[in-house]
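Data block below; observations after.
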Amino acid sequence: MNRPRITTVLSSTVEATDIKTITFPYTGDVKPGQFFMIWIPGVDEIPMSVSQITSDMVGITFRNIGDATHALYDFEKGDHIGIRGPYGNGFTLIGKRLLFVGGGTGIGMLAPLVEQAKKNKRVATVILGVKTKNQLFFEDRFQRTGATVLISTDDGSMGYKGLASELAKDIIIKEQIDAVYTCGPEQMMSALLGFCNTIPFQASLERYMKCAIGICGQCCIGNGLRVCVDGPIFDGATLKNIKDFGLYRRDAAGRKILF
């Protein structure tokens, strides 16, 4: 597991402006919220949360934003990548009436979780938050589950004008929500946690990773928690005691980078 296994890209699909989904064969057990280390030969190895899960295939959805994702964006069906994983823990469904809040590419990794929730006959409300409507993706996929799907855009080009966390706050106040699940910009998730009070909360964190098996310490947060093995899914009680949550991350050299 801890060495990249070469596999073949099954499909490469543009979802929105600069956002793509790549699928590859995988027959093992994968839980919503877990991630793979994706090796782009000659470029880099980076963590990617799963956005599609079937009995024989896994998908990852990402934005073309850096050297590694720029190279991966050009990959097409039949090309080869290396994979390690899956790693980390997954989400745990709690309660009946659930709220899912996705921001940016964080929307992608919530899709398998919402699909699982609806199969388990949970009542799901999904908020998809993007800067502008051209960045929206997976809306139809969420709607096919039967979930209530709400859109927020920073510029008001579609749906609610404002932040996804603000729209979520209104829902939390007005409706009986049993648990909240989120992935996206960390400041959004931090604001959302502040609205939840006693409501169970789970969030997916992203940090720079090297080993992904808890050895190097590159992805440490708070008081020695490692995102790769202790996360990437953390509950609200844990996050409230992590002082860097929503404030800063560390780059490859360990320097603090403010959000």
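The values are calculated or read from the model by the stated rules, or taken from the named source; none is laboratory data. Note that the coordinates shown come from a computational prediction; the quantities given were computed from them, not determined experimentally. With ideal geometry, Cβ positions are generated from the backbone for all residues, glycine too; neighbour counts draw on all protein chains shown. Protein only, heavy atoms only, side chains kept; ligands, DNA and RNA dropped before computing areas. Shrake-Rupley method; radii C 1.70, N 1.55, O 1.52, S 1.80 Å.
Residues whose amide H lies under 5 Å from that of Met57, counting only those 5 or more places away or on a different chain, are Tyr26; hydrogens are built 1.01 Å from N in the peptide plane.
What ranking of Val101, Val149 comes out by heavy-atom accessible area, probe 1.4 Å, highest first? Please report the intermediate quantities before stating the final value.
Working: Val101 0, Val149 30 Å².
Result, largest first: Val149, Val101.
By the Cβ distance rule (another cysteine Cβ under 4.7 Å), the unpaired cysteines of the chain are Cys183, Cys196, Cys219, Cys220, Cys228. With 20 Å as the limit, the listed pairs Lys121/Lys174; Lys169/Lys240; Lys131/Lys174; Lys174/Lys240; Lys119/Lys240; Lys210/Lys256 have Lys121/Lys174; Lys131/Lys174; Lys174/Lys240; Lys119/Lys240 beyond it between alpha carbons. Rolling a 1.4 Å probe over the protein heavy atoms gives the range 46-193 an accessible area of 42 Å² per residue.
Overall shape of the range 115-257 was characterised from the C-alpha gyration tensor. The equivalent ellipsoid obtained from it has semi-axes of 28, 17, 16 Å, in decreasing order.
Quantify, in whole percent, the carbon and sulfur part of the accessible surface of the range 40-142 (1.4 Å probe; protein heavy atoms only).
Of all accessible area on the range 40-142, carbon and sulfur atoms account for 47 percent.
By average Cβ neighbour count within 10 Å, what is the ranking of 195-204, 172-181 from highest down?
Numbers: 195-204: 18.9, 172-181: 16.7.
Highest-to-lowest ranking by the protection proxy: 195-204, 172-181.
Starting from 0.36 nm per residue, how many nanometres of slack lie between Thr7 and Ile173 once their C-alpha separation is accounted for? Present the calculation step by step, with values, prior to reporting the outcome.
On the way: separation 166, 0.36 × 166 = 59.76 nm, distance 4.65 nm.
Answer, rounded to one decimal: 55.1 nm.
Straight-line cross-link reach from Lys96 at under 18 Å between alpha-carbon atoms covers these aspartates and glutamates, not counting any fewer than eight positions away in the same chain: Glu115, Glu175, Asp178, Asp235. Applying the Karplus relation 6.51 cos²θ - 1.76 cosθ + 1.60 with θ = phi - 60° to the range 50-63 yields 3J(HN,Hα) values of 6, 10, 9, 9, 10, 5, 9, 8, 10, x, 10, 10, 8, 9 Hz, where x marks Gly and Pro. Taking all protein chains together and a 1.4 Å probe, the residues Glu45, Glu166 rank Glu166, Glu45 from largest to smallest accessible area.
Overall, the ratio between the Cα radius of gyration of the range 1-132 and 2.2 N^0.38 Å, rounded to two decimals, is 1.06.
Mean residue ellipticity at 222 nm from the helices of the chain, using -39,500 (n - 2.57) per DSSP H segment of n ≥ 4 over the full residue count, to the nearest 500 deg cm²/dmol? Provide the component values of the computation, followed by the final result.
On the way: 7 runs with 57 residues, N = 259.
After summing the helix terms and dividing by the residues of the chain, the value is -6000 deg cm²/dmol.
Assign one of three labels to the range 126-172, namely rounded, prolate or oblate, based on the Cα gyration tensor with a ≥ b ≥ c the square roots of its eigenvalues; rounded applies when a/c is under 1.5, prolate when it is not and a/b is larger than b/c, and oblate otherwise.
The shape class here is oblate.
First select every other residue whose beta carbon is under 11 angstrom from the beta carbon of Thr105; then total the charges, Lys and Arg +1, Asp and Glu -1. Before the final figure, lay out the partial values.
Working: positive: Lys20, Arg63; negative: Glu15, Asp18, Glu206.
That sum, taken over residues with Cβ under 11 Å, equals -1.
Of all the options Met189, Met57, Met209, the one that moves most in a Gaussian network model of the chain with Cα springs shorter than 10 angstrom is Met57. Computed from backbone phi with θ = phi - 60° and the Karplus coefficients 6.51, -1.76 and 1.60, the 3J(HN,Hα) list for the range 164-181 is 4, 5, 5, 5, 5, 4, 4, 5, 4, 6, 8, 10, 8, 10, 8, 6, 10, 10 Hz; x is used for glycine and proline.
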